[in-house]
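To start, the structure itself, in structure tokens.
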Amino acid sequence: MFVHDTEIRVRYGETDQMGFVYYGNYALYYEVGRVEAIRALGLTYRQLEEAGTFMPVVRVESKFIYPAKYDDLLTIRSVVNELPDRMIHFDVSILNENKVILHKGKVTLCFKNEEGKLVRAPQVLLQKLNSYFD
């Protein structure tokens, strides 16, 4: 299992009139977590794309437990529970400074080549993830 934590502070512009994080922004937080998780493996989305692999999101699930609020310091925990094949699944938990889970999500992405054809996960990504699944 690969686990990566990223911290982000809620900015005023990400909140609604009640001071809670606007629901649509959670998907952005998922993306921040995913991008930084991939970076922690020693890769970047840019490198994957320049090598011809694209990762569009095909499914998003969200569960709201407690609201995140303006100026909260959040931990975005991104977990990959299994090695990817044609899809990669990220389980996401968003925690506050007291480590209380405020939000849970699941994001599924597929791997496509430059022509838009579904392909298997790139070997470079699998090599980076392998050590977490031994």
Tilt relative to the chain, helix 25-40 - C-alpha long axis, 0 to 90 degrees, to 10: 50
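Quick check: net charge around L126, other residues with Cβ under 11 Å of its Cβ, Lys/Arg +1 and Asp/Glu -1?
Once all neighbours under 11 Å are counted, the net charge is +1.
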Provide the FRET efficiency to the nearest 0.05 for the Y22-H89 pair, computing r from the beta carbons and using R0 = 22 Å. 0.30
So for each of 17-26, 32-41 I average, over its residues, the number of other beta carbons within 10 Å; can you give me the resulting order with the highest mean first? 32-41, 17-26
Using only alpha carbon pairs under 8 Å that are at least six residues apart, calculate the relative contact order of the stretch 68-134 and give it in whole percent. 28
Computed FRET efficiency, Cβ-Cβ of Y70 and D5, R0 30 Å: what is it to the nearest 0.05? 0.90
Could you work out [θ]222 nm for the chain from helices alone, using -39500 (n - 2.57) per DSSP H run of at least four and dividing by all its residues? Round to the nearest 500 deg cm²/dmol. -6500 deg cm²/dmol
What span do the alpha-carbon atoms of the chain cover on each of the three principal axes, reported in whole Å from largest to smallest? 44, 33, 22
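None of the figures in this text is laboratory data; all of them are computed from the coordinates on show. None of the values given here were measured: they were computed from a predicted structure. Cβ atoms come from the backbone with ideal geometry, glycine included; neighbour counts cover every protein chain shown.
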